[in-house]
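Structure first, then comments.
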Amino acid sequence: GTLLEDKGLSLALHYRAAREHEPSLRRAMQAVAATLAPDCHVLAGKQVFELKPTIATKADAVREFMNEAPFAGRRPIYVGDDVTDLDGFGVVEHAGGLSVAVGDHVQAQVCVASPRDLRAFLADLADRRSPTP
């Protein structure tokens with residue numbers, strides 16, 4: 001009932017189908033992180049534990065993107081659905097951008113209920129920005 005996702009620089013242990021094992025999975029991930037400390041830590045999310053490097057965060061990634069073409073000088077939009085996205089939301093908001101939460105697990109400047117609602121919101125946003133014929 002679990003899925004271990006290799007994200008390149010991090011690992012995510014999803015346990016949505018095995019919620020009853022959350023305490024033992026948390027302990028296991030924390031034990032792995034302890035062997036890698038201080039270079040890695042565990043971040044708990046929505047039915048997921050992420051083993052992540054301590055030196056890189058989603059906020060760092062957003063900052064890096066915003067310094068490179070084609071993102072530099074533009075207004076960022078960050079879409080997320082979990083507590084692992086909060087630091088990214090903060091950087092985007094600080095930069096004058098827009099944070100968008102999908103679902104009801106986290107709060108952002110804009111909250112939408114579902115991926116379908118997100119697509120509609122983004123389409124509406126794009127329509128308002130597009131020049132009229």
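The values are calculated or read from the model by the stated rules, or taken from the named source; none is laboratory data. What you see is a predicted model; the values in this text were computed from it and never measured. Glycine also receives a Cβ, built like all others from the backbone with ideal geometry; neighbour counts cover every protein chain displayed. What goes into the accessible areas is simple: the full protein's heavy atoms, side chains included, and nothing from ligands, DNA or RNA. Shrake-Rupley method; radii C 1.70, N 1.55, O 1.52, S 1.80 Å.
At a glance:
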{"quantity": "Filter result for Ala69 (out of contact with any Pro (no Cβ under 6 Å at 6 or more places or on another chain), within 28 Å of Ala126 (Cα to Cα), surrounded by fewer than 15 Cβ atoms within 10 Å (Cβ to Cβ) and without any contact (Cβ under 8 Å) to a residue 40 or more places away in the chain)", "calculated": "yes"}
{"quantity": "Within region 1-32, considering residues that are over 26 Å from Ala61 (Cα atoms) and of a type in the set (S, T, N, Q), the one most open to solvent (accessible area, probe 1.4 Å)", "calculated": "Thr2"}
{"quantity": "Qualifying residue in region 39-50 (condition: in contact with a Gly (Cβ under 6 Å, 6 or more places away or on another chain) and surrounded by 18 or more Cβ atoms within 10 Å (Cβ to Cβ))", "calculated": "no"}
{"quantity": "Residue that is open to solvent by 20 Å² or more (accessible area, probe 1.4 Å) and either farther than 27 Å from Tyr15 by Cβ or out of contact with any helix residue (DSSP H, G or I) (no Cβ under 6 Å at 6 or more places or on another chain) (or both), where the choices are Asp82, Asp60, Asp87", "calculated": "Asp60"}
{"quantity": "Residue, most open to solvent (accessible area, probe 1.4 Å), within region 91-108, restricted to residues that are closer than 9 Å to Val79 by Cα and among the β-branched types (Val, Ile, Thr)", "calculated": "Val102"}
